[in-house]
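The values are calculated or read from the model by the stated rules, or taken from the named source; none is laboratory data. Just so it is clear, the structure is predicted and the values come from calculations on it, not from any experiment. Cβ placement follows ideal geometry from the backbone for every residue including glycine, while neighbour counts extend to all protein chains displayed. Quick note on the areas: whole protein, heavy atoms, side chains included, nothing else; ligands and nucleic acids left out. Shrake-Rupley method; radii C 1.70, N 1.55, O 1.52, S 1.80 Å.
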Amino acid sequence: MKRRINICLSALSLIAIVTTVTGITAVYYGLFQQQVQDDLKQCAGLLAESGLFQRAGLRTEAEAKGFRAFEQEDIRITWIDKDGTVLFDNTAEAAKLPNHADRPEVQRAYSGQNGESTRYSGTTDMDTFYYAVLLENQTVLRVSMQARTAANVLKAAAPVLGAIIVLILLSCVLIGHLLTGHLMKPLEEMAENLDGISRIAVYKELVPFSDRIRVQHENILAAAKSRQDFTANISHELKTPITAISGYAELIENSLVDADSEIHIARQIRHNASRLLALINDIIRLSELDHSELARPFAPTDLLTTAEECVRDLRPLAESRNVSLTCHGISAVVNADRALLEEMTENLLQNGIRYNKEQGSVDVEVTIAEDRPTLIVRDTGIGIPADQLDRVFERFYRVDKSRSRKTGGTGLGLAIVKHIAELHSATITINSTMDKGTEIAVRF
Ligand code: ADP
């Protein structure tokens, strides 16, 4: 990663330097060329207006010498006759120069146009700028000047450019190193010390990530702890009825049971066996529900129809405990797994009946509350202490252990209810008053 950041930064700065230098050179060289051409044009205009080149030849040697002074300014003045013969040149002997009729700027001047042109000389590695004008006597006056080419300018700047590039590349490597170090430090610290993640100082952009990791880590720890607790609880819960059954069996084995106690012992064995069965069933249900990846047959299901069926099924249990069971409300269709929905409603109703009083009642209502289909189970039972309202959904948590056992409870009913609600993205609210009753609402 560090290498990649370094390479990226270096490549970016190299591209930036090269494009900037090329762009600036191109723009400035264009302006420079324009300036040279303008200067030459002005110079040619002044010379043409001087009238000196209107006559057959330069009058005196002094005049010729005067033009030679231009040489020091790097300006070459050439006067060319109608046929291309060079009449005068301030940098060379005119007679020795070849015919100039073929020069593009001279040809353009003959045809009355602006005689501008630029030529590159390999010998001097310079560009020569020309400007030629046609005089009234049909001769041509040409002024020219040599200047560095764009490549030449770049070549001259190369050492400085090279030094800048090396400096920037070194800075990139250094910045890249510091940057990746700064970016990676909290991540490395987190990897080493997940437990102390909240104490690690992270930069702003990393806060959501570190929060997420912290929460996930805490969840994993909590899940591991709850699994451990659950396993310990299961062992304990299973042990009690098995120890009882085995104890009773031992009594029979040693012929210690008289005829009068036989029925009692048989009832105890059956009671403990059913408790064992109920426990195993609930544990299997919870473990099935834990596999949330299982595809479930979700379909539009009416909460009221389901509630009515559950009430019908549980009426015998309610009657056996002298508790009245009623159901009312409106149709409310939810997308649900019907079997799970029934199981959840039955668990809630069973609790309402089991933790009730003589002549008490349990009522199921299906309604739409805050735009959401809601199932409410109300009972007139013993109630749950306020400080334990949250805990009753924990696995194996019971307010009154002996009452739960006596009535056939496993301590897993509400854990299963909570699980099923979560699978349906439903929320549960619980309200209870001691000795008055409990109300549990499941909002879909
Ligand atoms: P259990 O099998 O013991 O009923 P649950 O998980 O269904 O287990 O319930 C947990 C505990 O919550 C119960 O043991 C009981 O003490 C309490 N509880 C549940 N429902 C009610 C209710 N409707 N009224 C009073 N107490 C209840």
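Table: residues versus (1) within 30 Å of PHE444 (Cα to Cα); (2) polar (S, T, N, Q); (3) crowded, with 16+ Cβ neighbours inside 10 Å.
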| site | (1), (2), (3) |
| --- | --- |
| LEU238 | no, no, no |
| GLY247 | no, no, no |
| ASN254 | no, yes, no |
| SER261 | no, yes, no |
| GLN268 | no, yes, yes |
| ARG285 | yes, no, yes |
| ASP290 | yes, no, no |
Residues that are of a type in the set (A, V, I, L, M, F, W, C), more than 8 Å from the ligand (Cβ to nearest atom) and free of Cβ contacts under 8 Å to residues at least 40 places away in the same chain, drawn from segment 354-401: ILE368
Pairs where the first residue, in segment 1-20, is without any contact (Cβ under 8 Å) to a residue 40 or more places away in the chain and farther than 15 Å from GLY162 by Cα and the second is open to solvent by 70 Å² or more (accessible area, probe 1.4 Å) and of a type in the set (Phe, Trp, Tyr), C-beta under 7 Å, 6+ apart: none
Any hit, segment 419-438, residues being touching a residue at least 12 places away in the same chain (Cβ under 8 Å) and within 7 Å of the ligand (Cβ to nearest atom): yes
Filtered residue count, segment 185-206, keeping only those that are hydrophobic (A, V, I, L, M, F, W, C) and open to solvent by 60 Å² or more (accessible area, probe 1.4 Å): 3
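Considering only residues that are outside any loop (DSSP other than H, G, I, E, B) and under 16 Å from TYR130 (Cα atoms), look in segment 89-108 and name the one that is modelled with the lowest pLDDT. Before you say what the answer is, go through the steps one by one.
Taking segment 89-108 as the starting set, the residues that turn out to be outside any loop (DSSP other than H, G, I, E, B) are 89, 94-96, 104-108.
Filter again for under 16 Å from TYR130 (Cα atoms), leaving 89, 104-108.
Values: ASP89: 87, PRO104: 91, GLU105: 91, VAL106: 91, GLN107: 91, ARG108: 90.
Selected residue: ASP89.
Specify the residue that is surrounded by the fewest Cβ atoms within 10 Å (Cβ to Cβ); the eligible residues are those in segment 402-418 that are assigned to a helix (DSSP H, G or I) and within 6 Å of the ligand (Cβ to nearest atom). Working first, answer last.
First, the residues of segment 402-418 that are assigned to a helix (DSSP H, G or I): 402-406, 413-418.
When the remaining residues are screened for being within 6 Å of the ligand (Cβ to nearest atom), the result is 404, 413-415.
On the way: SER404: 19, GLY413: 24, LEU414: 23, ALA415: 22.
Looking at residues that are assigned to a helix (DSSP H, G or I) and within 6 Å of the ligand (Cβ to nearest atom), I get SER404.
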Test: residue in segment 5-28 that is farther than 15 Å from LEU134 by Cβ, in a loop (DSSP other than H, G, I, E, B) and either modelled with pLDDT under 85 or under 60 Å from the mean Cα position of the chain (by Cα) (or both): no
